[in-house]
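Quick notes on the structure that follows.
The values are calculated or read from the model by the stated rules, or taken from the named source; none is laboratory data. All figures in this text were calculated on a predicted structure; none of them were measured in a lab. Cβ sites come from the backbone with ideal geometry, for glycine too, and all protein chains shown count toward neighbours. The accessibility values were calculated without ligands, DNA or RNA, using every heavy atom of the protein model including side chains. Shrake-Rupley method; radii C 1.70, N 1.55, O 1.52, S 1.80 Å.
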Amino acid sequence: MTTDLILSRAPSRLKTRLLQGIFGAVLLAGFAASPAASTAAAAKTLRIGAQADAGTMDPQAQNIQTTISLLNMIYEPLVTRDKSLAKTPALAESWSQTAPDTWRFKLRPNVKFHDGSPLTAEDVAFTIKRAQGATSQFTSYSAGLTPKIVDDLTIDIATPKPDPLLPDKIMNLPIMSKLWTEKNGALEPQNLKEKKESFTALNANGTGPYKLVSRAPDSKTVLARSPTYWGKLDGDIDEVVFMPIGSDPTRMAALVSGEIDIAIDVPSQDVARLSQNPDLKISKVDEFRTIFFGFDLKNDKLKYAETGDKNPFKDIRVRQAINMAVDRDAIVRTVMRGLASPTAQILAPGNVGYDPALDKAPKVDREGAKKLLAEAGYPEGFSFTLDCPNDRYVNDEQVCKTLVTMLAPIGLKANLNSMPRAKYFPKIWDRDTSMFMMGFNSPFFDGMYALETMLMTRDDAKGEGIYNYENYSNPALDKEIAAARDELDPAKRSAMMKAIYKKISDDTLYVSLYNQVLVYAMRKAVDAPVRPDNMFEIRWVTMK
C-alpha cells in the first residue's frame, strides 16, 4: 500500500502520528515539497459538455463535426489552420506543386504516434487509400488521389486534374499509423451504416496533443496529454474529459454548478441568462453553417406521405409554396433568440462563391402559397412526414415544430418525426426520407464542397453527391459544377459558382432558413476561442 493511500485513509490524529513517528519530520518536509506532490496539485482537467457524443474513434468513419472535433485532439492532418484561419503546417512542414496535377508534401521529422512508432510517408499513403474505401465518409476529400512515396519524409499526391484546393482538402484527412491499423485488423473505416464493430471504434493512436485513455460511448471519453507531442499548446491542460449530456437544461445546470468547464453547444434561449452569471463567460461567432430543409426529389411516389402515387415535392410550385409559407424572421426572433441571420440560400457568408443578393427570401405570403398548391393539384394540401434530429443543431427540434405550425395554414400537415442523431443520420444517409432538416458548412470555406457533395448526382467512388440526400440528379447541372471545379482562375471560378447557386435558389431545390451563430459558454477560468467552422481547437484552449 502506498504512502498516499495510507494517509488518505487514516484519521487526522493517526495521520499526524504516522508522519511524525514513522516517517520523521525530515521525510514529512520532503514529502510536502516533492515534485510529484506539486505536479499532482497543479494538474488541470478540462471537462467538456456536449449535446451528443462522438460516433466513433475511427477518424474516417463519420463526417460529423462533434466526432471530428474530438478526434482532432488525438489525430492530426498534414495541414491545419492558425488563428486567422490561414493554412499552416501540421504534420507537413511544407508543400508545393511540382506539376499542375501533383503536390509534394515534406513531413515533419521526429514525429511519433502515441504508441511510439515514427510517422513516415507510408502512413500518409495508407491513410489516403483507406479514406477512399467504401465505408469511408471522407471520399469527397480523397477520391481520385494517387499517393507516391518519394522517401520516408516526402510524399507526392497526384490529383485527377489540377486542384489548387488540395492543401485545404487534405486538412480533413487525419493521418493514421499503417502498422498499428494493420496490426489491429482495421484496414477499412468502421462501417457505421451496418453498425459493425471495429477496433478503431473504441481505440485510437494518433500524433496529436492528447492520447486516448478510456472510451465509454454516450458516457465519457478521457484523454491525457501526450508527453511526446511535437507541437506547442497555448495552455497546460493535462487531461480532457468529454461528456455528452443530451438534455439542454441538464447540460446548462452542469456548467453553472461547475460539473463541467465548458459547454460547446448552448441553446439560444439560455445565452442571455448565462451571460449574467458572474462565474461564466460567453464566446460566440457567426458560423459558416446554414440550416435548411430538403426533399425526396427522386421517387415518383413519396414513401412517407398520403399523396397516392405522386410525389408533390418534385413539382417546383409545391416547393415554392413551402418557401413562401416560412417566416424566417419569426424563427430567428422567437426560436433562435436573434442568434441567427435569415437566408434564402444554402451557402453562408465567408465562403468562396457566396452571393449576398441570394440571401433575400421571398415575402411571407400564405395566400399565394395556397394558390401555388392549388395550381399543382393540391387545393386541400396533403400530409407527409418531416424527419428532424433533436440533438444535432441548436434548437433543431423546436425549429422543426415551428415549421410544422407555419405549414398548417396552407394545408400542409407535416407529421414531425424527431430522433437522436445516432438514428437520424443513418436514416437520411440511406435516403429513407421524404423531407428532412439539414445543416451544412464547408470545412475549407469554399462553396464547391456543397455543390460537389449535395447537388451532383451521387457517385460515392468519386465523392460526388455523397450528401445528396434528396437523390437529385441533373446531368446539365453536374456539368456546370464540374466546369467550375476545374476552373483555375479564382475570379471566373467564383462567378461560375454564384451562377450555379442562383439556379439552385431559383429552382427551390432546398428551403433555407438561417445561418446560425455558434455559442460556447465556459467557466471564467477557461478561455476557448470559437472557430466559425465549429472546430473545437484544443491547441488554443487555456485554463487558469
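A few points about this structure:
- The heavy atoms of Thr405 present about 90 square angstrom of accessible area, all protein chains included, probe 1.4 Å.
- Percentage relative contact order, segment 230-353, counting C-alpha pairs under 8 Å, at least six apart: 20 percent
- Placing unit charges on each Cβ (+1 for Lys and Arg, -1 for Asp and Glu) gives the chain a dipole about its Cα centre, and among Ala348, Met419, Gln97 the Cα reaching farthest toward its positive end belongs to Met419.
- Centroid-to-centroid separation of segment 436-493 and segment 82-117 [C-alpha atoms, Å]: 26 Å
- Under 5 Å between amide hydrogens, built in the peptide plane, is the criterion, and for Ile466 it picks out Asp459 among residues at least 5 positions away or on other chains.
- Sequence-separation-based contact order of the chain, relative, with Cα cut under 8 Å and 6+ spacing, percent: 18 percent
- Each Lys and Arg contributes +1 and each Asp and Glu -1, all at the Cβ; summed about the Cα centre of the chain, the dipole is approximately 1200 debye.
- Dipole of the chain computed with +1 at Lys/Arg Cβ and -1 at Asp/Glu Cβ about the Cα centre; of Ala61, Gly133, Thr402, farthest Cα towards the positive end is Thr402.
- Distance from segment 320-338 to segment 259-276 (C-alpha centre basis), Å: 24 Å
- Based on Cα atoms of the chain, Rg over Rh with Rh as the Kirkwood radius reads 1.02.
- Within straight-line cross-link reach of Lys281, lysines at Cα separation under 27 Å, skipping those fewer than 8 residues along the same chain: Lys44, Lys83, Lys220, Lys232, Lys524, Lys544
- Packing rank of 417-423, 487-493, 436-442, where each peptide gets the mean count of other beta carbons within 10 Å, highest leading: 436-442, 417-423, 487-493
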